[in-house]
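Just so it is clear, none of the values below were taken in a lab; they were calculated from the coordinates. The structure presented is a predicted model; accordingly, all values stated were derived computationally and were not measured. All Cβ positions, even for glycine, are placed from backbone atoms using ideal geometry, and neighbour counts span all protein chains on display.
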Amino acid sequence: MKTKEAVVFKIAWNACIKCGACVAVCPQEAGFTSEFDTIAEHAACDIACMFCETVCPVSAITHKMLAAEVE
Amino acid sequence: MPDSSSTITMPEYDLVVIGSGPAGATTARFAAANGARVLLVDKKQELGAPIQCSGAVSHNALEQAGVYPSPEFIHDAIYGFAIYNGKGEKKIIDYRKLKPDEYGTKEGTIPLGYVVDRRRFDRYLATQAERAGAEIWLKTAATGFRVMENGSCEVDLLKFNEPVTIRAKVIVGADGVQSQVGKWAGLKTHIKLSELASCLQFVVDGVETAGLLEIVTGNEWAPGGYAWVFPKGHGYAEIGLGVTRTMCTENAQEYLDRFIKQSFFKERFKNCRILEIQGGGVPLAAPLKIQYADNIVLVGDAARHVNSITGGGIHTALSSGKIAGEFLAQLILSGKPATKTNLKGYQDNWLKAMGNNMWKLYRVKRAIFDTVDVVKRDEQLYATMSGYFSTDSEYKKI
């Protein structure tokens with residue numbers, strides 16, 4: 001599931017239960033977060049480990065490739 | 001408006017505690033009670049919400065932290081456990097029968113533990129901190145800090161969207177499983193995917209319970225974790241589970257759905273109606289090896305103070321909060337600077353009181369989940385859980 005290129009995450013807020021699990025496994029520096037205890041939305045993630053997507057109990061996180069977003 | 005940051009007198013505290021959950025509020029309370037000037041901040045408008053926890057805590061844990069088991073926050077009383085293997089075979093550990101003179105409902109006996117309402121429990125603990133002399137700011141997020149030349153800190157806060165800077169000697173990171181304060185300090189706080197239990201629970205109506213915490217083990221229902229049915233008071237129950245995602249084929253929601261519809265409890269759950277949905281990330285990880293840095297200490301989930309076998313974190317949070325609060329007040333009143341070297345004493349005290357046992361539990365958990373053979377792993381988890389909650393358990397005090 002690991003991608004090599006930078007990605008941008010999107011949170012399905014209607015499914016998110018604000019549990020913080022995505023942030024807990026996130027290896028990014030401090031501040032890669034949203035206002036609601038999730039990982040940052042609409043920001044480039046160059047680690048792209050996808051741990052956040054995987055751990056989400058309700059699969060509320062999806063991503064697009066950064067390159068696709070920029071186009 | 002002129003730039004007056006250097007001329008305005010900043011609010012000054014000995015301690016700023018970031019996050020008012022059980023760990024933060026308890027740290028604030030014991031620090032204030034021991035003479036420190038404490039500011040407790042939380043970004044939420046209502047403490048404890050959204051709930052990320054089943055709320056089970058032992059009577060002993062509350063007593064040790066000086067928390068009176070008040071009806072204000074107790075949903076239900078617990079008298080023991082029922083541990084199930086994947087096939088539905090069970091071991092009942094009912095302290096009402098095993099130790100009838102100590103535990104029960106009759107006069108002179110007490111419950112073994114409780115399921116608490118985390119909204120009211122967290123507010124109660126914050127009230128205790130406030131009554132001990134701590135100041136509390138809600139709707140206040142911490143955004144960053146700087147160490148000053150005199151060894152103190154400036155901490156940037158956002159209070160009702162207004163930037164406020166305060167001075168404090170020590171920052172306590174009690175900001176939970178998603179801790180950012182630890183990252184500020186450069187501590188490696190992120191949890192391995194293989195060590196964070198992905199948890200989901202429903203508060204339901206229409207499911208009978210009998211004063212026991214019911215724990216269902218087995219790879220079929222909850223790989224790398226367990227499923228549970230807890231009494232929630234007033235006829236309600238909690239049905240939930242935690243799974244280790246690296247051992248799963250689907251997310252927690254799918255496993256919970258399957259547990260409700262297909263497990264040996266499917267008849268019992270047939271008429272259950274979901275009233276609340278809650279989830280959380282529970283670190284089944286080792287405690288952080290280093291829980292302090294210059295001017296910073298971490299407590300509770302932020303420091304991974306969670307029991308790796310049960311996933312319980314309230315007792316460990318209360319306990320580390322008490323240790324941190326007492327230690328920090330003493331350090332500050334002694335006039336010593338809050339350097340990394342001086343703050344190490346907090347972790348030393350914690351290791352002695354509870355940390356060494358938590359490390360031991362982590363190793364037990366690792367040995368179980370590292371077992372490749374699923375049948376053996378299931379047997380080990382069932383045996384370990386049954387042993388853990390028995391009357392002669394060596395871990396009774398965690």
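In plain terms, the residue of B:K289, A:K4, B:K44 with the fewest other Cβ atoms within 10 Å comes first and the most crowded comes last, giving A:K4, B:K289, B:K44.
Farthest towards the positive end of the charge dipole of the protein assembly as shown, among the residues B:C248, B:I290, B:P111, is the Cα of B:P111, using unit charges on the Cβ of Lys, Arg, Asp and Glu. By DSSP, the beta bridges lying fully in the protein assembly as shown are antiparallel in about 75 percent of cases. Distance between the C-alpha centres of region B:343-381 and region B:227-245: 23 Å, rounded to the whole angstrom.
Converting phi to 3J(HN,Hα) with the Karplus coefficients 6.51, -1.76 and 1.60 and the offset θ = phi - 60°, region B:362-377 yields 4, 5, 4, 4, 4, 4, 5, 6, 7, 5, 6, 5, 5, 4, 5, 4 Hz in sequence order, with x at every glycine or proline.
Ordering B:T105, B:T339, B:T27 by the number of other Cβ atoms within 10 Å of each residue's own Cβ, fewest first, gives B:T105, B:T339, B:T27.
When chain B is treated as a Gaussian network with alpha carbon springs shorter than 10 Å, the biggest mean-square fluctuation among B:P100, B:P287, B:P231 belongs to B:P100.
Against the empirical curve 2.2 N^0.38 Å, the C-alpha radius of gyration of region B:1-145 lands at a ratio of 1.39. As a proxy for reagent exposure, ranking A:M50, B:M385, B:M148, A:M65 by other Cβ atoms within 10 Å from fewest up yields B:M148, A:M65, A:M50, B:M385.
Using alpha-carbon positions, what is the distance between the centroids of region B:15-38 and region B:55-86, in Å? If we compute the Cα centre of each part, the gap is 23 Å.
Calculated mean residue ellipticity, 222 nm, chain B: -8500 deg cm²/dmol, from DSSP H runs (n ≥ 4) at -39500 (n - 2.57) each, averaged per residue and rounded to 500. Bridge orientation summary for chain B: considering DSSP beta bridges with both residues in this region, about 70 percent are antiparallel. Diffusion of chain A by Stokes-Einstein, at 25 °C in a medium of 0.890 mPa s and with Rh set to the Kirkwood radius over alpha-carbon pairs, works out to 204 µm²/s.
Determine, from the Cβ-Cβ distance of A:M65 and A:E35 and an R0 of 22 Å, the FRET efficiency 1/(1 + (r/R0)^6), rounded to the nearest 0.05. According to the calculation, E is roughly 0.35. Using only the C-alpha atoms, the convex hull of region B:264-326 corresponds to 128 Å³ per residue. When chain B is treated as a GNM with alpha-carbon contacts under 10 Å, the residue of B:L318, B:L212, B:L158 showing the greatest mean-square fluctuation is B:L158. The spacing between region B:159-208 and chain A, judged by their C-alpha centroids, is 17 Å.
Averaged over peptide B:190-199, the number of partner chain Cβ atoms lying within 10 Å of each residue's Cβ comes to 6. Counting Cβ atoms of other protein chains within 10 Å of each Cβ in A:52-65 and taking the mean gives 5. Principal axis extents of the Cα atoms in the protein assembly as shown, from largest to smallest and rounded to whole angstrom, are 70, 67, 37. Here is the list for region B:90-164: trypsin sites (Lys or Arg not before Pro) lying in DSSP coil, each with at most 12 other C-beta atoms within 10 angstrom of its C-beta, are B:K106. Around the amide H of B:G312, modelled in the peptide plane, lie the amide H atoms of B:N307, all under 5 Å away and 5 or more residues distant in sequence or on another chain.
By how many nm would the segment from B:R268 to B:W359 grow when fully extended, if each residue of separation counts as 0.36 nm and the alpha-carbon distance is taken off?
Numbers: separation 91, 0.36 × 91 = 32.76 nm, distance 3.72 nm.
Extra length available between B:R268 and B:W359 comes to 29.0 nm.
Take chain B, connect every pair of alpha-carbon atoms lying under 10 Å apart with a spring to form a Gaussian network, then pick out the residue of B:E130, B:E250, B:E46 with the largest mean-square fluctuation. Of the options given, B:E250 has the highest mean-square fluctuation. Shielding value for B:171-180 is 4, the average number of Cβ atoms from other chains within 10 Å of each residue's Cβ. Across region A:7-22, rounded Karplus estimates of 3J(HN,Hα) from the backbone phi angles (6.51 cos²θ - 1.76 cosθ + 1.60, θ = phi - 60°) give 10, 10, 8, 10, 9, 7, 5, 6, 9, 4, 9, 6, 9, x, 4, 5 Hz, Gly and Pro being marked x.
Our estimate of slack between B:E72 and B:T143, defined as 0.36 nm per intervening residue step minus the Cα-Cα distance, is 22.3 nm.
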